[in-house]
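These notes are about the structure you will find just below.
The values are calculated or read from the model by the stated rules, or taken from the named source; none is laboratory data. Fair warning: this is a prediction, and the values are worked out from it, not measured in the lab. Note that we place each Cβ from the backbone using ideal geometry, even for glycine, and neighbour counts take in every protein chain shown. What goes into the accessible areas is simple: the full protein's heavy atoms, side chains included, and nothing from ligands, DNA or RNA. Shrake-Rupley method; radii C 1.70, N 1.55, O 1.52, S 1.80 Å.
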Amino acid sequence: MGEVSGLLSLCLNRMGGDAAFPFDLTQMAGASRILRLYGHVPTPLHDLPALVKRLGLQKILVKDESLVLGLPAFKARGVFNAMASLADSCQKLFVAATDGNHGLALATAARRMGHVARIFMPKGSPVRIQQAIGECEAICEITEWNYDDTVRFASDFAQKENGILVQDTAWSGYEQIPALIMAGYGTMAAEILETGARPTHVFLQAGVGSFASAFIAAYVMLAGEQSLPRFICVEPEASACVFKSICAADGKSHPVKGELATFMNGLACGEQSSLAWPILRGHLFAACSCVDSLARRGMELLANPQGKDPAIDSGPSGAVPIGALEYLSQSMESRARLGLDDNSTVLLINTEGSRFFR
């Protein structure tokens, strides 16, 4: 496994294999059309030349998803695509479990499309996020369970109330809607490649793994297998189910149980999506597990840049990759293991703004 220090652990992926992608280019193009219909424009791709000099790399690019369709996170890409694909003129009940951004996107989409939303949040969720979801005319309740158990509760609720469950995590018998959400997520990779950017390394956050795997799938379909960067996932230490599974190297997905308590609310997920794991197993170069202080450091780096680098508004789940990158760049062993040097172009995704973390 090769622990870097008490703040971050790094594990190279020793597995491989082919995985069927849950969406194709036609479905991703359809998602792009739906997002444009609701007013989406490509989010910025920032260059950080001052930071890159300090870290000894060639380039650092940050895709800034802190404002998507007027919402503070990338989640709107998947939710709007799924709901627009599923809904018709009849009012429907849409149900979701959320750590925050997914539920806010669902509540907003339901209001804009004329539907009803019922949202459930895990134990310990910030009340201010619950209130923001409620302001979108959705009923939002904080449960007594962790995220994964709250998803199960939401699924049961939707079935009893004849509602439609909208989650980006998949399991046997529940794959269609997560695949629609993932197609929406994939539009992010398309926007990046359209700029001509060709990173050598991409750091991707992993909660249930749907975002990371959707990004990888879209990138592979658009760029081809022969020119892929090294994909590295980053997770909180308290909920590092992808990291745990990569380290086990037995091809199986290994869940993390318990409270899953972390400052990175959006990544507090202990079980991987069944659609995500085969893609991650086959395409990740490495996985990282880190403590919350690296997310706080990432927020500081983005909000208070050096030189003429742009300031970027980021929440903890959005900022953790840059906190991890700075930390890894200080270790010669880690640089060697990941192939980070002065020829490396590193792409990071700021998946959320700081609206709920100020």
- Query: Does the range 145-163 contain any residue that is open to solvent by less than 10 Å² (accessible area, probe 1.4 Å) and part of a loop (DSSP other than H, G, I, E, B)?
  - Reply: no
- Of Ser329, Ser293, which residue is out of contact with any Cys (no Cβ under 6 Å at 6 or more places or on another chain) and more than 28 Å from Pro126 (Cα to Cα)? Ser329
- Condition check for Ile129: under 25 Å from Leu69 (Cβ atoms), of a type in the set (A, V, I, L, M) and not in a helix (DSSP H, G or I): no
- Message: Would you confirm whether or not the range 97-106 contains a residue that is in contact (Cβ under 8 Å) with a residue 12 or more places away in the chain, among the charged types (D, E, K, R) and within 19 Å of Val208 (Cα to Cα)?
- Response: yes
- Task: Please state which one of Ala336, Ala249 is of a type in the set (A, V, I, L, M, F, W, C), under 30 Å from Gly196 (Cβ atoms) and modelled with pLDDT of 95 or more.
- Result: Ala336
- From Ala214, Ala249, Ala261, residue being touching a residue at least 40 places away in the same chain (Cβ under 8 Å) and at positive phi: Ala249
